Amino acid sequence: MKRTFYFLVLALLSMAVNAQNFDKERNTEKSSLSDFRKSVREEFDTFRNEVMEEYINFVRNPWKEFMTTPPVEAPKDTVRPVVMPEGDRKKPVESKPIQVKKVVPPVKIAPKSKPMTRIEESVQPEEKFVNFSFFGTDAKVRFDVDDRVTLMGVDEDAIADALEAMSGESYNNMIIDCNELKKEFRLSDWAYLQLLDSLASRIYEDDINSVSLLCAYLYMNSGYKMRLARNEDRIYMLYASRYIIYEQNSYSVDGYRYYCLEELPTRLSICKASFEGEEPLSLMIAEEQKLAYNPSEPNRISSVGYSDFEVDVTVNKNLLDFYSTYPTSMFGDNMLTRWAMYANTPLDKKVAEKVYPELADKLKGLSQVEAVERLLNFVQTGFEYEYDDEVWGNDRIFFPDECFFYKYNDCDDRSVLFSRLVRDLLGLEVVLVVVPGHILAAVNFTESVKGGYVVYDDKEFVLCEPTCTNGAPVGWADIDSDDSLSVILLENDPQMKIYQNMINGDETDAAV
């Protein structure tokens with residue numbers, strides 16, 4: 001019994017010693033890991049401080065004077081509504097190839113911007129927040145307004161001093177939170193720029209120079225290409241764009257056009273300081289903008305040709321407000337690219353969740369051409385046609401959601417909406433077709449369909465005329481074989497494959 005007790009005591013002592021050794025090793029490992037993390041953070045902080053110091057020193061140098069670049073006028077097309085002659089209705093639609101003179105490839109999605117350097121969170125004894133709103137959407141960021149930097153002038157040294165003060169830890173959490181909001185709300189570059197402007201305006205209110213500088217500081221720290229500009233009493237944040245924005249003055253600096261959220265004077269001194277990896281603004285809207293939902297009054301849209309083909313649509317007015325700020329533009333020197341940017345923008349999820357199931361239910365069991373005929377007549381006859389100049393005073397293209405809200409639309413609006421509906425609901429490829437003064441669509445059916453058609457990539461795209469106010473069948477279009485015709489390629493990955501399944505009545509992704 002004594003021997004057993006003796007061995008038990010030895011075992012317990014051994015376990016205690018091993019436990020102590022394990023704790024020492026674990027504490028040593030924790031200490032090493034903590035030291036490593038501290039070292040990495042110090043390296044990032046040192047690198048960021050060096051980058052900012054170099055930038056600020058550049059800001060202190062005299063800025064170069066530039067003259068503004070005159071605005072590029074937006075194309076002005078006067079388009080009459082298309083009417084199908086009654087005599088044509090009695091004739092069968094015949095297959096007729098239409099020669100394509102030009103093909104406009106899809107605009108590639110630009111690389112996403114990312115902060116110029118890693119930014120570490122700043123631990124605060126008590127977190128304070130700035131609450132603000134943009135397009136009806138509430139947001140907040142960590143920042144103590146008592147730490148805001150006051151701009152003491154608009155000369156180079158005053159601006160550099162303010163940027164140097166902003167580069168302290170007090171602004172770190174705000175930069176991090178802004179980038180998190182961009183992810184949370186799935187903001188496009190244009191929407192993110194609006195968010196930063198709203199935040200800066202909330203912090204500085206009527207101090208427009210400080211608003212511009214804070215917006216610039218947050219924007220450049222988010223990885224965007226921008227330039228600071230000044231004259232005798234104002235500073236401006238100029239943003240570089242991948243696109244040529246119509247009807248806006250700009251400044252050409254090192255091969256890029258720079259624009260501003262406010263009207264620009266004809267002469268400015270511009271600082272050419274830059275950061276490695278900075279990205280110009282893209283105007284593409286690749287995914288749904290998750291703005292707070294502010295529903296409009298329901299709008300009933302009915303097809304004349306098919307009495308049961310009607311839906312009540314409610315749209316997000318906050319999203320409409322955002323779209324109203326969107327600047328129409330072109331990519332490169334090709335004005336035709338502007339329509340693709342609207343057509344490739346997805347329908348708002350809440351609209352799709354309401355409208356698509358109802359439309360899908362009405363398309364069940366139909367052939368491809370029968371389904372497209374109903375969508376085509378829905379767009380042709382469900383809206384009132386009116387010239388943009390009469391309604392807006394200038395040319396304006398609608399995003400798909402806007403078509404469901406505003407009373408009037410024209411050929412490009414209807415072609416954009418029709419292309420979205422066919423791709424989402426039927427999974428068929430669609431291109432936009434442009435002739436001088438007019439735009440329509442064409443669909444690549446996977447079954448034989450008669451009508452006028454264009455050929456691209458060995459595929460036949462049958463013409464569809466969404467603008468025909470008295471309704472016209474698939475394959476009919478008021479286009480001659482010798483018209484100078486261009487084809488705009490669209491992104492054809494359906495946004496809402498689930499709705500195609502509703503039509504098919506199964507779980508496949510095949511079209512009708």
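The values are calculated or read from the model by the stated rules, or taken from the named source; none is laboratory data. Quick caveat: nothing in here was measured; it's all calculated off a predicted structure. With ideal geometry, Cβ positions are generated from the backbone for all residues, glycine too; neighbour counts draw on all protein chains shown. Quick note on the areas: whole protein, heavy atoms, side chains included, nothing else; ligands and nucleic acids left out. Shrake-Rupley method; radii C 1.70, N 1.55, O 1.52, S 1.80 Å.
Full extension from Thr469 to Ser367: what is 0.36 nm times the residue separation minus their Cα-Cα distance, to one decimal in nm?
Numbers: separation 102, 0.36 × 102 = 36.72 nm, distance 2.39 nm.
Net length gain for the segment: 34.3 nm.
On average, how much accessible surface per residue is there in the chain, in Å², for a 1.4 Å probe, leaving out ligands, DNA and RNA?
On the way: 24900 Å² over 512 residues.
I get 49 Å² per residue for the chain.
Can you tell me the length gained on complete extension of the stretch Tyr293 to Glu86, counting 0.36 nm per residue apart and subtracting the Cα distance?
Working: separation 207, 0.36 × 207 = 74.52 nm, distance 4.46 nm.
Net length gain for the segment: 70.1 nm.
Long-range amide H contacts for Leu489: which residues qualify at under 5 Å (H placed 1.01 Å from N, peptide plane, sequence gap of 5 or more or a different chain)?
For Leu489, whose amide H was placed from the backbone, the distant partners under 5 Å are Val104.
From zero up to wherever the largest Cα-Cα distance of the stretch 391-477 sits, split into 5 Å bins and tell me the percent of pairs in each.
3, 14, 24, 26, 18, 10, 5, 2, 0
What residues of the stretch 226-245 lie in the reach of a label at Lys64, counting those whose backbone N is under 15 Å from a point 7 Å from the Cα along Cα→Cβ?
What the label zone holds, given the 15 Å backbone N cut-off, is 227-230.
When ranked by the protection proxy of mean other Cβ atoms within 10 Å per residue, highest first, what sequence do the peptides 110-121, 131-142 form?
On the way: 110-121: 15.8, 131-142: 17.4.
Descending packing order for the listed peptides: 131-142, 110-121.
Pull up all non-local amide H partners of Gly427: gap of 5 or more, or a different chain, and H-to-H distance under 5 Å with H placed in the peptide plane.
For Gly427, whose amide H was placed from the backbone, there are no distant partners under 5 Å.
For the chain, which whole percent of the accessible surface, found with a 1.4 angstrom probe, sits on carbon and sulfur atoms?
Carbon and sulfur together cover 48 percent of it.
Would the stretch 222-287 count as rounded, prolate or oblate if I go by the C-alpha gyration tensor, calling it rounded below 1.5 in a/c and otherwise prolate when a/b exceeds b/c, oblate otherwise? Before the final figure, lay out each step's value.
Numbers: a/c = 1.98, a/b = 1.34, b/c = 1.48.
Judged from the Cα gyration tensor, the stretch 222-287 comes out oblate (a/c at least 1.5, b/c at or above a/b).
Under a 5 Å amide H to amide H cut-off, with H placed in plane at 1.01 Å, what residues pair with Thr314 once short-range neighbours are removed?
Asn299
Between helix 189-204 and the chain, what is the angle of the helix's C-alpha long axis to the longest principal axis, kept within 0 to 90° and rounded to the nearest 10?
It is inclined by approximately 50 degrees.
For the pair Glu50/Lys108, report the inter-label distance in nm, with labels modelled 7 Å from Cα in the Cβ direction.
3.2
What does the extension gain come out to for Val100 and Glu121, with contour length at 0.36 nm per residue minus their alpha carbon separation? Write down the numbers at each step before the final one.
Values: separation 21, 0.36 × 21 = 7.56 nm, distance 5.58 nm.
Using 0.36 nm per residue and subtracting the Cα-Cα distance, I get 2.0 nm.
So what is the 222 nm mean residue ellipticity for the chain from helices alone, if each DSSP H run of at least 4 adds -39500 (n - 2.57) and you divide by all residues, rounding to the nearest 500 deg cm²/dmol? If you can, show how the numbers build up before the last one.
Working: 14 runs with 194 residues, N = 512.
About -12000 deg cm²/dmol.
Using θ = phi - 60° and the Karplus curve 6.51 cos²θ - 1.76 cosθ + 1.60, what whole-Hz ³J(HN,Hα) does each residue of the stretch 88-99 get, with Gly and Pro shown as x?
Values, residue by residue: 5, 5, 7, 9, x, 6, 10, 6, 8, x, 10, 6 Hz.
How much solvent-accessible surface does Trp392 expose, in Å² to the nearest 10, with a 1.4 Å probe and all protein chains in place?
Only protein atoms counted, so the area is about 80 Å².
Rg and Dmax in Å for the stretch 311-429, alpha carbons only: what are they?
Gyration radius and largest Cα-Cα distance of the stretch 311-429: 14.6, 44 Å.
Apply the Karplus parameterisation 6.51 cos²θ - 1.76 cosθ + 1.60, with θ equal to phi minus 60°, to every residue of the stretch 268-283 and state each ³J(HN,Hα) to the nearest whole Hz, in sequence, with x for glycine and proline.
So the Karplus estimates, Gly and Pro as x, are 9, 8, 10, 8, 8, 4, 9, 10, 5, x, 5, 10, x, 5, 9, 9 Hz.
Could you tell me the calculated FRET efficiency between Glu278 and Lys140, based on Cβ-Cβ distance and R0 = 35 angstrom, to the nearest 0.05? Intermediate values should be presented prior to the final figure.
Working: r = 27 Å, r/R0 = 0.77.
E between Glu278 and Lys140, to the nearest 0.05, is 0.85.
Students often get this wrong, so try it: which of (1) 52, 35, 20; (2) 34, 29, 23; (3) 53, 23, 21 is semi-axes √(5λ) of the Cα gyration tensor in Å as calculated from the structure shown?
Step by step, semi-axes √(5λ) of the Cα gyration tensor in Å for this structure corresponds to label (1).
Among the listed pairs Lys76/Lys364; Lys76/Lys317; Lys90/Lys350; Lys128/Lys272, which are separated by more than 31 Å between their Cα atoms?
Values: Lys76/Lys364 41 Å; Lys76/Lys317 28 Å; Lys90/Lys350 41 Å; Lys128/Lys272 35 Å.
From the list (Lys76/Lys364; Lys76/Lys317; Lys90/Lys350; Lys128/Lys272), the Cα-Cα distance tops 31 Å for Lys76/Lys364; Lys90/Lys350; Lys128/Lys272.
Quick one: if the Förster radius is 35 Å, what FRET efficiency do Ser302 and Glu247 give, using the C-beta to C-beta distance and rounding to 0.05?
Details: r = 36 Å, r/R0 = 1.02.
Working from the Cβ atoms, E equals 0.45.
Roughly what angle does helix 172-184 make with the longest principal axis of the chain, taking Cα atoms, 0 to 90 degrees, to the nearest 10?
Between helix and principal axis, roughly 30 degrees.
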